[in-house]
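Written below as structure tokens is the structure these notes are about.
The values are calculated or read from the model by the stated rules, or taken from the named source; none is laboratory data. Remember, it's a predicted structure, so these values are computed and weren't measured experimentally. We place every Cβ from the backbone using ideal geometry, glycine too, and count neighbours over all the protein chains shown. The protein model used for the area step is the full one, side chains on, heavy atoms only, and it has no ligands, DNA or RNA in it. Shrake-Rupley method; radii C 1.70, N 1.55, O 1.52, S 1.80 Å.
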Amino acid sequence: MKKLLCVTIALLCTATMQAQDEKAGVTKFLGIPVDGYKPAMIEKLKAKGFTPAIAGKDVLEGEFNGFDVNVHIVTNNNKVWRIMLADKITQDETGIKIRFNELCRQFENNKKYKSMTDKEQTIPDDEDLSYEMTVNNKRYDAGFYQISPLDTIAIYNESKQSLLDKYTQEQLDNPTEEISTAIQLNYLNNKLDIELQNIFAMTNNFVWFMITEHAGKYYITMFYDNEYNHADGEDL
């Protein structure tokens, strides 16, 4: 038992050091990492069904979450750090409040996201949005961290199946003490890896959206940010 504990601690320490030295995963848009170079990102987005927009060759358009949007790719030192989506169709004040609040609820109910704040992010029904934005320069936005859902059963099953190169399925289904220990160590290592990724996600993987106004009409602008690639004064 003492030997098992020592091995477990060693694995946890190794995983921690690796997580500190390497990127713990980046923000994803439709499963695509917000990373790499713009030409490659454009091709990946085209493969998802987006097409070049009239607005410019680097601007794409398509449908996202039930709405027609324009997609912009923002870079820093030629590396993609942001995917920006803007609604193509504007709405009145009532319509945009409904859309904003529905987005908040969708993100809150999605296990891949954690709110950036403990405060309520939806807009009250009686809020005079036009007055607040025009007179008080109030900005309406909501933000979330993109994390990896911690499904312990799935992690255990994956940890078990990853040992098929060493053991047969029958051995894994009816494990000896040695095999059970191997499965458990694999599970602890994989679980820790996800937990560490989520800690790093709290400072690097942002998804947020805001209400934008133009000529008295409103639309949603959404951002998938990879802070690893964001400018941080390194060029000064």
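Listing for the model above:
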{"read-out": "In degrees, nearest ten, helix 38-47 long axis to first principal axis of the chain (Cα)", "value": "90"}
{"read-out": "Sequence-distant residues sharing a close amide H with Lys112 (under 5 Å, placed H)", "value": "none"}
{"read-out": "Dipole axis of the chain (+1 Lys, Arg; -1 Asp, Glu on Cβ), positive-most option in Gly49, Ile98, Ile220", "value": "Gly49"}
{"read-out": "Placed amide H near Phe29: partners under 5 Å, 5+ positions off or other chain", "value": "Val34"}
{"read-out": "Rounded accessible area of Tyr187 (nearest 10 Å², 1.4 Å probe)", "value": "30"}
{"read-out": "Segments 70-80, 123-133 sorted - mean Cβ within 10 Å per residue, highest first", "value": "70-80, 123-133"}
{"read-out": "Efficiency of FRET from Cβ geometry, Lys38 and Asp165, R₀ 35 Å, rounded to 0.05", "value": "0.35"}
{"read-out": "Dimensionless Rg/Rh of the chain - Kirkwood Rh, Rg from C-alpha atoms", "value": "1.08"}
{"read-out": "Accessible area of Asp235 in the full protein assembly, 1.4 Å probe (Å², nearest 10)", "value": "110"}
{"read-out": "Per-residue [θ]222 nm for the chain (sum of -39500 (n - 2.57) over DSSP H runs n ≥ 4, rounded to 500)", "value": "-13000 deg cm²/dmol"}
{"read-out": "Rounded tilt (10° steps) of 177-204 against the dominant C-alpha axis of the chain", "value": "20"}
{"read-out": "Cα gyration tensor shape of the stretch 41-153, rounded if a/c is under 1.5, else prolate or oblate by comparing a/b with b/c", "value": "oblate"}
{"read-out": "Backbone HN-Hα couplings from phi across the stretch 111-121 [Karplus 6.51/-1.76/1.60, Hz, Gly and Pro as x]", "value": "5, 7, 10, 10, 4, 6, 9, 8, 7, 5, 9"}
{"read-out": "Share of carbon and sulfur in the accessible heavy-atom surface of the chain [1.4 Å probe, %]", "value": "52"}
{"read-out": "Length gained when the stretch Glu178-Thr90 is fully extended (0.36 nm per residue, less Cα-Cα span)", "value": "25.5 nm"}
